1. Quick one: which helices (runs of 4 or more DSSP H) sit completely within the stretch 91-187 and have at least 1 residues that are without any contact (Cβ under 8 Å) to a residue 24 or more places away in the chain and either loosely packed, with under 13 Cβ neighbours inside 10 Å or on the phi > 0 side of the Ramachandran plot (or both)?
2. Which condition breaks for residue 44 when tested against (1) more than 14 Å from the chain's Cα centre (by Cα); (2) farther than 30 Å from residue 172 by Cβ; (3) touching a residue at least 60 places away in the same chain (Cβ under 8 Å)?
3. Is there a residue in the stretch 6-22 that is among the β-branched types (Val, Ile, Thr) and either over 30 Å from residue 141 (Cβ atoms) or modelled with pLDDT under 95 (or both)?
4. Mind checking which residues of the stretch 129-167 are basic (Lys, Arg) and at pLDDT 95 or above?
5. Which residue is modelled with the lowest pLDDT, if the candidates are limited to the stretch 23-70 and must be touching a helix residue (DSSP H, G or I) at 6+ places or on another chain (Cβ under 6 Å) and not in a loop (DSSP other than H, G, I, E, B)?
6. If the Cβ limit is 7 Å and pairs must be 6+ apart or interchain, which residue in the stretch 48-71 that is polar (S, T, N, Q) pairs with which residue that is part of a loop (DSSP other than H, G, I, E, B)?
Amino acid sequence: MTVWTRMVWTAPALALAACGGGNFRPVSDHPVRIGPPYKVRGVTYVPAADPQYDMLGYASWYGSESGNRTANGERFHAKWITGAHVTLPLPSYVEVTSLDTGRTIVVRVNDRGPFAGRGRIIDLSRGAADELGIRARGHAAVRVRLVNPSEKDRAKLRKGKPARERPRVSETTLANLRAQLAAGMGQ
C-alpha cells in the first residue's frame, strides 16, 4: 500500500475517531442543524424549527464542562454567552429575560439540555449567567424568545462576546410575565 493510499483510507477513520476527541467544529452559523429525535432519561425530545418560540420557565447555568464538545460539535467555552435547549435548531439565537430584574441578553444556543428540573427551559453558560445576573442564585425565572439578531451581534456571540445591550423590560410587563408563569406552573 502506498503512502497516498494509506492517507486516503486513514483520513475518514481519523475523522470518525475525532467525534469523541479533540477535533471541534468551527464556530459557525452554518449549517443549522435540527437533528433527529433523541431520548434522555426515558424522555423523547423532537428537535424542530419553531419561529414563534416564546416560553416562560426557568434557567440554570453550567460551566464545569469547559473544553467539552457541544451538541453541534463546537468546543464549549464556559465564559462565552451560550446556552443549551432541548429542541431548537443548533445554532439558534434567543433573547433571555430575567423576570426578577428585567435584564435581557441575547444567547447563542449551541448545545442540548436542560434534562432535569421542573420548568427548566434553558441552561446558560457561566458567561451568559453572569451577563444576565443570575449566576449567584443558580437559577431564575426567565422568558426565552427566538430572535434574529443583527449580523454584528451574531459575530460578537460567535467570538464569545456579548451582543449589544438590550433595554430592560418594564416592571408592568415583568409583573404580567410573572403572573403568566405562576399560572402556567400551577401555582
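1. It comes to 151-158, 171-184.
2. (3)
3. Yes: the stretch 6-22 contains one or more residues that are among the β-branched types (Val, Ile, Thr) and either over 30 Å from residue 141 (Cβ atoms) or modelled with pLDDT under 95 (or both).
4. If the condition is that a residue be basic (Lys, Arg) and at pLDDT 95 or above, then 143, 145, 152, 154, 156, 158, 159, 161, 164, 166 are the ones that fit.
5. Result: 61.
6. Listed pairs, sorted by first residue: 60/114; 60/117; 60/138; 66/76; 66/77; 66/78; 68/76; 70/76.
The values are calculated or read from the model by the stated rules, or taken from the named source; none is laboratory data. Note that this is a predicted model, so its numbers are computed, not measured. Backbone-built Cβ (ideal geometry, glycine too); neighbour counts: all protein chains shown.
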